[in-house]
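Written out below as structure tokens is the structure these notes cover.
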Amino acid sequence: MAFLLYLSIIRSIVISMVEPCTIKASHNRHVSTRRHLRYIPLLLAVMVIYSLFLSIYASAKTSISQSYATTDKLSLGSIVSLKNNTTDQVVAASTYNIDSILGVVINNGSSILSLTNGQEDQVQVATSELASVLVSNINGDIVQGDQITASPIKGVGMRATNNTKVIGVAQDIPTNSNKQQFYTDSDGKKQSVVLGEVPILVNVSFFFKEPEKTLIPSALQNIANALAGKQVSTLPIVISAAIFIITIIVVVSIVFAMVRSSIISVGRNPMSQSAIYRDLIQLSALVLAILSVGMIAIYLVLTKM
């Protein structure tokens, strides 16, 4: 019994000594934890800034480029196409080789991933992401969002206005637009043009121009274009439609009157069939003449206006 009492006293003393130490240790851990928590916002801020830096650095560099052999003198920003019957040689792109358009000439160290075979007389060609491209105002001034294609000037782009293959989309308006140059158009005439540079999101694809919204049904527009052999505006189509309607009304009126008078004449005098047939032939010739004049007038309106 005395021994048990002794153990109880010893246990109480030990507990009384351990509890303050435990509380103090717990308090120290809590203080230490709070001290470390203060550094979490700073750590997160550093991570965010580092991520932004990496994203800006990556966006400033072209993702993929590859080296191609060339015999042309190609400036940085020149648009290039694959040389005929080759897969590793490029030439300056123009309207004559636009179907094989490939990419844009860039600096050797401007891409995150560069592929090269170590040969001489090579250029790095960007095939994706952002690159600075030489452009002209041949098809009008370039604005942000315009599709860019090859122009008559070798290596220089222009705004795409028809269905064609394009190098990418302009991300801004051209800069350094003070370099004036002359080129020879398809008619052999010299034309002045202003050159500049514009950042383009390189992505070779085919551009389909959206049809202009007009009051003319698409079927009628297609018929007019086929007859004229070119794109016809709204006014000539409206005039041609009016001429066609008037011609049809006149022809139908003449045919109706001709048939009606023939039936009445035969009913009154069956012996006058030969004269009636003669009148029918004459009126039929008149109808054909009216139709011919109407068709010629429609054709002239569609092609000359």
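Every number here is computed from the coordinates shown, using simple stated rules; none is lab data. Values in this document were obtained by computation on a predicted structure and should not be read as measured data. Cβ sites come from the backbone with ideal geometry, for glycine too, and all protein chains shown count toward neighbours.
Using the Cβ-Cβ distance between Asp172 and Ala257 with R0 set to 51 Å, the FRET efficiency works out to roughly 0.15. Coupling constants for the stretch 214-219 follow from the phi torsions by the Karplus curve (6.51 cos²θ - 1.76 cosθ + 1.60, θ = phi - 60°), and in residue order they are 10, 7, 7, x, 4, 5 Hz; glycine and proline get x.
Note on Leu235/Asp141: beta-carbon distance plugged into 1/(1 + (r/R0)^6) with R0 of 22 Å gives a FRET efficiency of 0.25. Each of Ile101, Ile281 was scored by other Cβ atoms within 10 Å of its Cβ. Listed from fewest to most, they are Ile281, Ile101.
Applying both filters, DSSP loop and at most 13 other Cβ atoms within 10 Å, to the trypsin sites (Lys or Arg not before Pro) of the stretch 192-268 gives Lys209, Lys213, Lys230.
Going by neighbour counts of Cβ atoms within 10 Å, the residues Ser233, Ser192, Ser128 line up, fewest first, as Ser192, Ser233, Ser128. Let's test the formula: R0 of 22 Å, r as the Cβ-Cβ distance of Leu215 and Ile248. What FRET efficiency results, to the nearest 0.05? It comes out at approximately 0.60. Distant-in-sequence amide contacts of Val133, defined by a placed amide H-H separation under 5 Å and a gap of 5 or more residues or a different chain, comprise Val198, Ile200.
In this rough spin-label picture, where each label sits 7 Å from Cα along the Cβ direction, the Val194-Leu227 distance is 4.2 nm.
Ordered by the number of other Cβ atoms lying within 10 Å of each residue's own Cβ, fewest first, Thr95, Thr127 fall into the sequence Thr95, Thr127. Mind running the shape call on the stretch 218-304? Use the C-alpha gyration tensor, a ≥ b ≥ c as the square roots of the eigenvalues: rounded below 1.5 for a/c, prolate if a/b tops b/c, oblate otherwise. Because a/c hits 1.5 or more and a/b exceeds b/c, the stretch 218-304 counts as prolate.
Compactness check for the stretch 62-207: Cα Rg over 2.2 N^0.38 Å is 0.98. A simple spin-label model places the labels of Leu288 and Tyr96 5.1 nm from each other, with each point 7 Å out along Cα-to-Cβ.
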